[in-house]
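Colleague: I'd like to ask some things about the structure below.
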Amino acid sequence: MQTILNALTKDNVNKLPTADKLDDSAPSSRTPSVHHPSLSRRSSVSASHPRLPDHGPSHSVDTTKIGQAVVTPRKERPQHKRSLTGSYFPSQKGVVGGEEWPVGQEATWKTALKANDVDEDDVQGVANTIVRHVTTSLARQAGNMDTIAAYQATALSVRDQLIKRWNETTSYHTARAPKRIYYFSIEWLIGRSLDNAVLNLGMKNTYEDASRKLGFNFEDLLNEERDAALGNGGLGRLAACYIDSMATLSLPGWGYGLRYNYGIFKQMLSKTGEQLEAPDPWLDRENPWEIARLDVAYPIRFYGNVEPVANSDKAVWSGGMECLAVAYDTPIPGYATKNCANIRLWSAKPVQGFDLNSFNAGNYEASVHASSEVGNITQVLYPNDNMYQGKLLRLQQQYLWCSASLQDILRRFTKLELPWTQLPDYICIQMNDTHPTIVIAELMRILIDEEDISYDQAWKITTKVFAYTNHTVLPEALEKWEVSLFEKLLPRHLQIIYRINHDFLQQVAKRWPNDNDRLARMSIIEEGTPKYVRMAYLAIVGSFKVNGVAELHSQLLQATIFKDFVEFKGRDHFTNVTNGITPRRWLLQCNPELSALITHSLGSEAWLTNAQLLKNLIPMAEQKEFRKAFDIIKQNNKRRLAEVIEQELGITLNPRSVFAAQIKRMHEYKRQTLNIFAIIHRYLEIKKASPADRKKIQPWTFIFAGKAAPGYYIAKLVIRLIVNVGKIVNNDQDVGDLLKVVFIPDYSVSIAEVLIPAADISVQISTAGTEASGTSNMKLALNGALLLGTVDGANIEIAEDAGEDQCFMFGYLNDQVQQVRYNNSYNPTPLEQRSPELAAVFKHIESGAFGDAGIYDSLLKTVYEHDYYLVSNDFGSYLAAQKLVDELWGGDPEEWTRKAIITSCSMGDFSSDRSVQDYADGIWGVESERVPDN
Ligand code: NBG
């Protein structure tokens, strides 16, 4: 960190005000102290997963019994076709993994099973399976084929491979009964699956050959796939990277989520640059990656009445509306392992196809109406990122998802026939943000009301099962539900939450007698009109571990929004796990040439499962030949992107310009504003320059991509400004190749895969203290983009690992932000004073240069007044950092490439394998359970 700070003090990088310009109360240190010992992402804390005190380690799985029957023999039970875990061959004799063949003739089964086996490099065998799907699943013939059909048949063939592994993994884990991790995420931003699946299976070449021999180019097939876009941004993509790593690390675990009929909206732009939103009916064409489990369905209740049961903690919840949650599985293959994880997504279905009462009354229309109301629950993903919206339907989504997932998990657990007290020895549930927090109350309800466990015992069990990851400190993103809404929809859960809060506050009061302020601050129920349930507080109280997603963020959580809880629960309750990204998708898949260079130079593919090996390539940065190879790859990737942009948007790019990418959701805190205002500044400078001076100016291409929440007016205005600046700048003869501004509409995982390998500069410029981590910063750095960023989120750790010399850091530090913000609001100075350059930019916008003067008034006003995100305060410093980029780009291209290589090869610690292993060791207490190779 120290060296980052040294770099920051260089006059030309950072025009930070000196301490005396700030109020005395401003902290004098500019060092965000991110080195609390318990906060290191590298600390693989010794397993601290909970075990109930009355059940010592002797009750954990006995590893010497591996491969043998589960400890407790199962009782005789009626025969069933297969278990709800999806295991093919459940034991019928009361012993999981028993010796006896379960159904029919063993030899016939085994021969049939073998007949479907295909070797990894058997091109004809793979072609056979593809053609089988063409003729059977799709009912087509060779003369009646197009690329869509070829894609679908190929995907189904790959899916066969996945299902085989899925079955083996499930059977193996069922037999071994290890502790399992369940990752609850309301968003799964998977993107496409075909390329990733064949790479992880190690069968890409085989599939390429087979499809070529069948008359199709594999690349064309890949492009037929529609993204599975069940997420808004970083949070949903993180879940997708983590499940890839869970599979790759052979951890026993599943993801749980919702099967929305509509993913994140499709973004289009109007002629005047406004964002338009269209639905994304991604399931319109069949989704070959999912397996419908129509037999795995759980009842879910909403509304209704609660009757207490006398002399007990129990209550009976009845009436209201019942529906079903039906399971759909998406197998997720690990890399270089047979293990296959699963994402189980729920779809809401009516209990019956019609409402019998209405039917009897002859009211056919009403009976159908009731079904469509239920179907609405899983209709659409809420399109908000880092923004909370308290809609009833959203709470319905959350409860349906949590209740169904928990019923599924508990069903699996009850098969082991162990006492409930051992639940925490067998399952851990990781809550990806507060969206699944209701699951805490749901487990309490099931244990108390359905399993006859006392409240106190239930609470003891429950608080050892859950861990909670916080992803934001932004107040507008913290979930709190109106009590009245909760009471209507989930009356029993509200009672349980009241009881949890009551007991919790009693303990607080005991510790801090007469501190009513503290009680009000810490209460899970926010008093007022209306009253709210604070979900983050419930998550903290009901979990055994809480983590943030980067060192600074974890530290801020503890120092600010969760400070009282740190005092109450102790520091050990809180920890950090810095986010990570999967190197399989974000290097192997998206940047095949760079991957090949790395594999060639390291002499093996081991880096794909041990990303730390990348650092062995750092010395290669000193070799001219290697630099040349690296540079050629970057040029190729830039050309590829330029071609796509030319084709799709008609903008011609200069591949020799600096490609600077800011690709993320549109949000004020991420400050696309700062970037577009700096672009306008650059534009004005070019216009002012003489022809001779223009020759000295370095060429830049600024690339933006990202969606704005449909109701986020200011964010949408920023898109409009970017698009309209592009229209003017890109067509200005004076500017030529020196500056291009591109807004790529409808950002998606697939677009990211083309953009990221082509970037020279990674623009990560959030106001310090606002971006919890960021993950595009990791993806871009891994692909050799240099970091142009603020001292925020994971930027800090990236700069530490790559070395600050490789990065261009600027801007106010977190400790200073409060004070500057206060001054902006309460001791405001005119914009001209805060930043004359920015004032000139605003004048130009107001002159109508980018559309009618006035359109952007409300956007500019956010900076003129209050400037909550410090755009004006950081503007000069941002320009200065860009100037350094100019100098390096124009002055020393070899040095640039050297820095790019060092950056890329220093990103080993940002592999999601490292993050997930940290969770497994430090929080979940689960171990690898690798399916044997044969
Ligand atoms: C986002 C943060 C990002 C972070 C991702 C994944 C939410 C609520 N938070 O900085 O803004 O990288 O989570 O942790 O979506």
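Colleague: Identify, by number, the condition in (1) more than 16 Å from the ligand (Cβ to nearest atom); (2) surrounded by fewer than 24 Cβ atoms within 10 Å (Cβ to Cβ); (3) within 21 Å of E643 (Cβ to Cβ); (4) in contact (Cβ under 8 Å) with a residue 40 or more places away in the chain that A759 doesn't meet.
Modeller: (2)
Colleague: Now, a different point. Of everything in the stretch 776-795, what is more than 12 Å from the ligand (Cβ to nearest atom) and in a helix (DSSP H, G or I)? Give them in sequence order. Can you show your working first?
Modeller: Filtering the stretch 776-795 for residues more than 12 Å from the ligand (Cβ to nearest atom) gives 780-791.
Selection gives L780, A781, L782.
Colleague: A further question follows. Could you give every pair whose Cβ atoms fall below 8 Å, whose first residue belongs to the stretch 308-331 and is under 16 Å from M444 (Cα atoms), and whose second residue is among the charged types (D, E, K, R) and assigned to a strand (DSSP E or B), counting only separations of at least 6 or pairs across chains?
Modeller: A315/E307; V316/E307; W317/R301
Colleague: Here are Y426, Y382, Y388: which of them is touching an Asp or Glu at 6+ places or on another chain (Cβ under 7 Å) and surrounded by fewer than 22 Cβ atoms within 10 Å (Cβ to Cβ)?
Modeller: Details: Y426 fails: touching an Asp or Glu at 6+ places or on another chain (Cβ under 7 Å); Y382 fails: touching an Asp or Glu at 6+ places or on another chain (Cβ under 7 Å).
Y388 is the lone residue from the list that is touching an Asp or Glu at 6+ places or on another chain (Cβ under 7 Å) and surrounded by fewer than 22 Cβ atoms within 10 Å (Cβ to Cβ).
Colleague: May I ask you to verify whether L393 is at pLDDT 95 or above, within 21 Å of G231 (Cβ to Cβ), away from the ligand (no atom under 16 Å from the Cβ) and surrounded by fewer than 17 Cβ atoms within 10 Å (Cβ to Cβ)? Step through it out loud before you land on a result.
Modeller: Working: at pLDDT 95 or above: yes; within 21 Å of G231 (Cβ to Cβ): yes; away from the ligand (no atom under 16 Å from the Cβ): yes; surrounded by fewer than 17 Cβ atoms within 10 Å (Cβ to Cβ): yes.
The answer is yes for L393.
Colleague: Might you check whether a residue that is in contact with a Lys or Arg (Cβ under 7 Å, 6 or more places away or on another chain), surrounded by fewer than 21 Cβ atoms within 10 Å (Cβ to Cβ) and either acidic (D, E) or not in a strand (DSSP E or B) (or both) occurs anywhere in the stretch 608-615?
Modeller: No: zero hits.
Colleague: Kindly provide the set of residues from the stretch 486-539 that are closer than 25 Å to G320 by Cβ and among the aliphatic types (A, V, I, L, M), ordered by number.
Modeller: L489, L490, L494, I496, I497, I500, I524, I525, V533, M535, L538
Quick grid of which residues meet (1) in contact with a strand residue (DSSP E or B) (Cβ under 6 Å, 6 or more places away or on another chain); (2) under 27 Å from Y713 (Cβ atoms); (3) among the aliphatic types (A, V, I, L, M):
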| site | (1), (2), (3) |
| --- | --- |
| D385 | no, yes, no |
| R411 | no, no, no |
| I427 | yes, no, yes |
| I438 | no, no, yes |
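Colleague: Suppose we filter the stretch 675-691 for residues that are surrounded by 15 or more Cβ atoms within 10 Å (Cβ to Cβ) and not β-branched (V, I, T); how many remain? Quick ask: steps written out before the conclusion?
Modeller: Applying the first criterion (surrounded by 15 or more Cβ atoms within 10 Å (Cβ to Cβ)) to the stretch 675-691 yields 675-686, 689.
Narrowing further to those that are not β-branched (V, I, T): 675, 677-678, 681-685, 689.
Residues flagged as surrounded by 15 or more Cβ atoms within 10 Å (Cβ to Cβ) and not β-branched (V, I, T) within the stretch 675-691 amount to 9.
Colleague: Here are some residues: V541, V549, V566, V533. Which one is touching a residue at least 24 places away in the same chain (Cβ under 8 Å), surrounded by 16 or more Cβ atoms within 10 Å (Cβ to Cβ) and over 24 Å from L443 (Cα atoms)? Spell out how you get there, then give the answer.
Modeller: Details: V541 fails: over 24 Å from L443 (Cα atoms); V566 fails: touching a residue at least 24 places away in the same chain (Cβ under 8 Å); V533 fails: over 24 Å from L443 (Cα atoms).
That would be V549, the only listed residue that is touching a residue at least 24 places away in the same chain (Cβ under 8 Å), surrounded by 16 or more Cβ atoms within 10 Å (Cβ to Cβ) and over 24 Å from L443 (Cα atoms).
Colleague: Something else: Can you tell me how many residues in the stretch 542-580 are within 14 Å of the ligand (Cβ to nearest atom) and over 28 Å from A781 (Cβ atoms)?
Modeller: Number of matching residues: 1.
Colleague: While we're looking at this one, here's another question. Pairs only if they're at least six apart or on different chains, beta carbon under 6 angstrom, first in the stretch 456-478 and acidic (D, E), second within 16 Å of the ligand (Cβ to nearest atom); list them, first residue then second.
Modeller: Final answer for the pair search is E476/M387.
Colleague: Another question, if that's okay. Is there a residue being away from the ligand (no atom under 16 Å from the Cβ), farther than 20 Å from Y919 by Cβ, assigned to a loop (DSSP other than H, G, I, E, B) and not acidic (D, E) anywhere in the stretch 224-246?
Modeller: Yes, the stretch 224-246 contains at least one residue that is away from the ligand (no atom under 16 Å from the Cβ), farther than 20 Å from Y919 by Cβ, assigned to a loop (DSSP other than H, G, I, E, B) and not acidic (D, E).
Colleague: Kindly provide the set of residues from the stretch 247-277 that are farther than 30 Å from T169 by Cα, more than 16 Å from the ligand (Cβ to nearest atom) and not aromatic (F, W, Y), ordered by number.
Modeller: Of all residues in the stretch 247-277, those farther than 30 Å from T169 by Cα come to 262, 264-277.
Those left that are additionally more than 16 Å from the ligand (Cβ to nearest atom): 262, 265-277.
Once the filter is applied, which keeps residues that are farther than 30 Å from T169 by Cα, more than 16 Å from the ligand (Cβ to nearest atom) and not aromatic (F, W, Y), the stretch 247-277 yields K266, Q267, M268, L269, S270, K271, T272, G273, E274, Q275, L276, E277.
Colleague: Ok, one more. Between A752, A772, which is outside any helix (DSSP H, G or I) and of a type in the set (A, V, I, L, M, F, W, C)?
Modeller: Values: A752 fails: outside any helix (DSSP H, G or I).
Of the residues listed, the single one that is outside any helix (DSSP H, G or I) and of a type in the set (A, V, I, L, M, F, W, C) is A772.
Colleague: Out of the stretch 888-913, which residues are of a type in the set (D, E, K, R) and surrounded by fewer than 23 Cβ atoms within 10 Å (Cβ to Cβ)? Outline the logic, then answer.
Modeller: Step one: of the stretch 888-913, the residues of a type in the set (D, E, K, R) are 892, 894-895, 898-899, 909, 913.
Result: D892, E894, E895, R898, K899, D909.
Colleague: Scanning for something charged (D, E, K, R), touching a strand residue (DSSP E or B) at 6+ places or on another chain (Cβ under 6 Å) and over 21 Å from L557 (Cβ atoms), does the stretch 499-507 turn up at least one residue? Please lay out each step first, then the result.
Modeller: Just the residues of the stretch 499-507 that are charged (D, E, K, R), to begin with: 499, 503.
Going one step further and asking which of them are touching a strand residue (DSSP E or B) at 6+ places or on another chain (Cβ under 6 Å), we end up with none.
Taking every residue of the stretch 499-507 in turn, none turns out to be charged (D, E, K, R), touching a strand residue (DSSP E or B) at 6+ places or on another chain (Cβ under 6 Å) and over 21 Å from L557 (Cβ atoms).
Colleague: Let me ask something additional. Does S773 qualify as being within 12 Å of the ligand (Cβ to nearest atom), buried (at least 24 other Cβ atoms within 10 Å of the Cβ) and not aliphatic (A, V, I, L, M)?
Modeller: Values: within 12 Å of the ligand (Cβ to nearest atom): yes; buried (at least 24 other Cβ atoms within 10 Å of the Cβ): yes; not aliphatic (A, V, I, L, M): yes.
Against the criterion (within 12 Å of the ligand (Cβ to nearest atom), buried (at least 24 other Cβ atoms within 10 Å of the Cβ) and not aliphatic (A, V, I, L, M)), S773 qualifies.
Colleague: Right, something else. Taking Q819, is it under 30 Å from R640 (Cβ atoms), away from the ligand (no atom under 16 Å from the Cβ) and more than 26 Å from the chain's Cα centre (by Cα)? Walk me through it before giving the result.
Modeller: Numbers: under 30 Å from R640 (Cβ atoms): no; away from the ligand (no atom under 16 Å from the Cβ): yes; more than 26 Å from the chain's Cα centre (by Cα): yes.
So Q819 does not fit the description; no.
Colleague: While we're looking at this one, here's another question. Scan the stretch 347-365 for residues that are among the small types (G, A, S) and modelled with pLDDT of 70 or more and jot them down.
Modeller: Answer for the stretch 347-365, where residues must be among the small types (G, A, S) and modelled with pLDDT of 70 or more: S347, A348.
Colleague: Can I ask one more? Quick one: I798 ticks every box in (1) in a helix (DSSP H, G or I); (2) within 30 Å of E648 (Cα to Cα); (3) within 16 Å of the ligand (Cβ to nearest atom) except a single one, so which number is it?
Modeller: (2) is the only condition that I798 fails.
Colleague: Return yes or no: is G811 within 16 Å of the ligand (Cβ to nearest atom) and either under 20 Å from G908 (Cβ atoms) or not aromatic (F, W, Y) (or both)? First the steps, then the outcome.
Modeller: Numbers: within 16 Å of the ligand (Cβ to nearest atom): no; either under 20 Å from G908 (Cβ atoms) or not aromatic (F, W, Y) (or both): yes.
Criteria not met by G811.
Colleague: Could I ask something else about it? Among the helices (runs of 4 or more DSSP H) contained in the stretch 96-205, which hold 3 or more residues that are without any contact (Cβ under 8 Å) to a residue 24 or more places away in the chain?
Modeller: Values: elements: 106-115, 123-135, 147-176, 194-201.
Result: 106-115, 123-135.
Colleague: Could I ask something else about it? Of the conditions (1) within 16 Å of the ligand (Cβ to nearest atom); (2) under 30 Å from A247 (Cβ atoms), P583 fails just one. Which one is it?
Modeller: Exception for P583: condition (1).
The values are calculated or read from the model by the stated rules, or taken from the named source; none is laboratory data. No experiment lies behind these values; they were computed from the predicted model shown. Counting neighbours? That spans all protein chains shown, and the Cβs are built from the backbone with ideal geometry, glycine included.
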